[in-house]
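Quick note: the coordinates plus some simple rules give every number you see, no bench work behind them. Keep in mind the model is a prediction, meaning the values are calculated, not measured. Counting neighbours? That spans all protein chains shown, and the Cβs are built from the backbone with ideal geometry, glycine included.
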Amino acid sequence: MSAIALTRRRGRRHSIRRPRTGFLLVLPAALVAVGLFVVPLVLAARMSVSDWPLLGEPSFTGLENYRAIAGNDLVGQALGFTAKYAAVILVVLLAVALGLAMLVRRPRRGVGLLRTAFFLPAAVGLTSAALLFYELYFAGLSPVDDALTGLGLIDRPIDWLGQPGTAFLSVVIMMTWRFAGFYMLILLAGLQSIPDDVYEAARLDGANRWQTLRHVTLPLLRPSLALCTILIITGALLAFEQFYVLTNGGPDNSTVTLVIVIVREAFSFLDLGSAAAISMVVLGGLIVLNVVQLLALRRER
Amino acid sequence: MTALLTRPTAAPGAARRARHRRAGVVSGVLAALLALLFAFPLVRAAILSVTDGGGLTTDNYGKLADFGAGLPTYLWNSAVVTVITVAGSLALAIPAGYGFARYTFRGKNLIFVLILAILMIPHPTILIPLYVLLGDLGLQNTLIGVALVMIMFQLPFSVFMMRIAFSAVPEELEEAAMLDGCSETRAMLRVSLAAVVPSVVTVGLFAFFAAWNEFLTPLILLNDGSRFTLPIALVSLRSGDFGAVDLGALQAGVIVSALPCVVLFLLLQRHYVRGLLAGALRG
């Protein structure tokens, strides 16, 4: 700010903003953040080093809860499953979202309607979406089953949610339906920021569609793709509703995620200390992962 | 230079255009089929919820009205949580956004980073101690407790959006109003608040969607069936907690729960999309 602007500003009596007013304006939000975020976070850390039953008196036990994590087979299994889910949903969502974004990139008749159709599932709550597909897998696909049975391809109806492989697939399909339009929108914003003359140059150089996608579109879309990747992975590592509603972790604990383990420890086994310890570990993992992703992004720039 | 030399002559150009047209038709048909596929689950549930083997029926909605503590109870509970969350988010974020955008004071950056850090926390990490803390405050198993936690989860997005919005309003506008004799408060209200109405709508809309659809927070904080919000009640219905699972009533329930969001989205699509992009770009 130039000196002239400064003196001009000082000259106006009312335009001097008192720091105290600013602080008071921000104070209510800050109090909510401290009371409902910082204090519980500190309590979570304390719970993680205590024997803290849902009902009854807590007592300090040091690192006991953390040591127990190593001996808890379900935690290891859930970690592996959550990582697998994150990898699969990342690839599937990015591919479908990019395909949709390419389809609706150019303005033409009806393109707004198409975008709305792809995006509308994102307006449905995750729990409602899961319930919608629960019914679909449970009873709605019986015409498909009947047709396959009639053709002799299967000998009895497919129990979509009752077998580990198809249960996992069922969740991936539901999540793709619910989120593809959301990520399509982010990628669409990225696509539209690529100037037309870049494509014109590629065309003049004789690049075909595939070459243009690989050597022009994808590199220029990198920031949007990176953003989608961070959001998808973070969301997948904290997956809960989709599995809780569709499979409840089953069959045979084959679809138990980390968050399902935490909720079970707390409210099925009534062991808040153990649940807090696992969630502190998950928190630590997420922080490390985000820092790594941010560093990788920064190095690229 | 090479580009100039290899520039297609007129005839291949026509062939290319024809190929483009064909590709355009193919991708148009593909896109339309995909759109039908995306619309299928919702449209199917809407149709099935009002039909019964052939004729129209309201049976499914009738059964839904009576399940558990009754649909009106669950709708009311969800509405209470949603209204408090929307009102609370706006009441906190509008002044805070203005404070962050227009003032400098000690600790400003620290407080802002603290609010943004809420985004990083896995919800169960904080919900388990909140269950204990709200118990100490006498807010365990209450809708107000759930709404307070929802306001906290929405805080980073709400404050961030309002800060950006107020920063985009030229300060000179307010100064002009003050020179005309307005007090600082009235200048803020008259000039700036009027200019940020679109962002206020976006923040309110997102608080609405989050509160109306939230599952984990009320699942952990509420344990009395008559206080359940709609998503919790529907999952209980699915799990057979109220007797045999009635898929027809479940369809109807999903439609009732999705309808307000779908309607609001279609009405305020522009605000919703803008908010999503702003929310996404903060990452």
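Given B:Phe160, B:Phe208, B:Phe166, which one is touching a helix residue (DSSP H, G or I) at 6+ places or on another chain (Cβ under 6 Å) and buried (at least 21 other Cβ atoms within 10 Å of the Cβ)? Reasoning before the result, please.
On the way: B:Phe160 fails: touching a helix residue (DSSP H, G or I) at 6+ places or on another chain (Cβ under 6 Å); B:Phe208 fails: buried (at least 21 other Cβ atoms within 10 Å of the Cβ).
That would be B:Phe166, the only listed residue that is touching a helix residue (DSSP H, G or I) at 6+ places or on another chain (Cβ under 6 Å) and buried (at least 21 other Cβ atoms within 10 Å of the Cβ).
Just to verify a result, which residue in the stretch A:14-38, among those that are assigned to a loop (DSSP other than H, G, I, E, B) and more than 7 Å from every other protein chain (Cβ to nearest Cβ), is nearest to B:Ile128 (Cα to Cα)? Walk me through how you get there before you give the answer.
Initially, the stretch A:14-38 is screened for residues assigned to a loop (DSSP other than H, G, I, E, B), giving A:14-18.
Narrowing further to those that are more than 7 Å from every other protein chain (Cβ to nearest Cβ): A:16, A:18.
Details: A:Ile16: 45, A:Arg18: 40 Å.
The selected residue is A:Arg18.
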Inset, instruction - Might you check whether a residue that is touching a Lys or Arg at 6+ places or on another chain (Cβ under 9 Å), facing another protein chain (nearest Cβ under 9 Å) and part of a loop (DSSP other than H, G, I, E, B) occurs anywhere in the stretch A:128-148? - result: no
Legend entry - Those residues of the stretch B:51-72 which are surrounded by fewer than 17 Cβ atoms within 10 Å (Cβ to Cβ), of a type in the set (Ser, Thr, Tyr) and not in a loop (DSSP other than H, G, I, E, B), in sequence order: B:Thr51
Inset, instruction - State yes or no: is A:Asp205 surrounded by fewer than 17 Cβ atoms within 10 Å (Cβ to Cβ), within 11 Å of another protein chain (Cβ to nearest Cβ) and among the acidic types (Asp, Glu)? - result: yes
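How many residues, within the stretch B:229-254, are assigned to a loop (DSSP other than H, G, I, E, B) and either among the hydroxyl-bearing types (Ser, Thr, Tyr) or on the phi > 0 side of the Ramachandran plot (or both)? Spell out the reasoning first.
So the first thing to find is which residues in the stretch B:229-254 are assigned to a loop (DSSP other than H, G, I, E, B), and the list is B:229, B:239-246.
Next, only the ones that are either among the hydroxyl-bearing types (Ser, Thr, Tyr) or on the phi > 0 side of the Ramachandran plot (or both) stay: B:229, B:239-240, B:243.
Residues flagged as assigned to a loop (DSSP other than H, G, I, E, B) and either among the hydroxyl-bearing types (Ser, Thr, Tyr) or on the phi > 0 side of the Ramachandran plot (or both) within the stretch B:229-254 amount to 4.
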Inset, instruction - Select the helices (runs of 4 or more DSSP H) contained entirely in the stretch A:195-301, then report the ones holding at least 2 residues which are closer than 21 Å to B:Thr125 by Cα. - result: A:222-237, A:241-246, A:258-267, A:272-300
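Of everything in the stretch B:90-107, what is closer than 24 Å to B:Ala207 by Cβ and touching a Phe, Trp or Tyr at 6+ places or on another chain (Cβ under 8 Å)? Give them in sequence order. Spell out the reasoning first.
Quick first cut of the stretch B:90-107, residues closer than 24 Å to B:Ala207 by Cβ only: B:90-102.
Within the stretch B:90-107, B:Gly97, B:Tyr98, B:Gly99, B:Phe100, B:Ala101, B:Arg102 qualify.
The rows are residues; the columns are (1) buried (at least 19 other Cβ atoms within 10 Å of the Cβ); (2) touching a residue at least 60 places away in the same chain (Cβ under 8 Å); (3) farther than 13 Å from B:Ser78 by Cβ; (4) more than 8 Å from chain A (Cβ to nearest Cβ).
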position	(1), (2), (3), (4)
B:Phe215	yes, no, no, no
B:Ile220	yes, yes, yes, no
B:Gly243	no, no, yes, yes
B:Leu250	yes, no, yes, no
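Just one of B:Ser192, B:Ser257, B:Ser199, B:Ser226 is away from chain A (no Cβ under 11 Å), assigned to a helix (DSSP H, G or I) and closer than 30 Å to A:Asn248 by Cα; which is it? Full working, then the answer.
Numbers: B:Ser192 fails: closer than 30 Å to A:Asn248 by Cα; B:Ser257 fails: away from chain A (no Cβ under 11 Å); B:Ser199 fails: closer than 30 Å to A:Asn248 by Cα.
None of the other options fit; the residue is B:Ser226.
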Inset, instruction - Restricting attention to the stretch B:177-191, report how many residues are farther than 18 Å from A:Arg18 by Cβ, surrounded by fewer than 19 Cβ atoms within 10 Å (Cβ to Cβ) and under 36 Å from the mean Cα position of the chain (by Cα). - result: 1
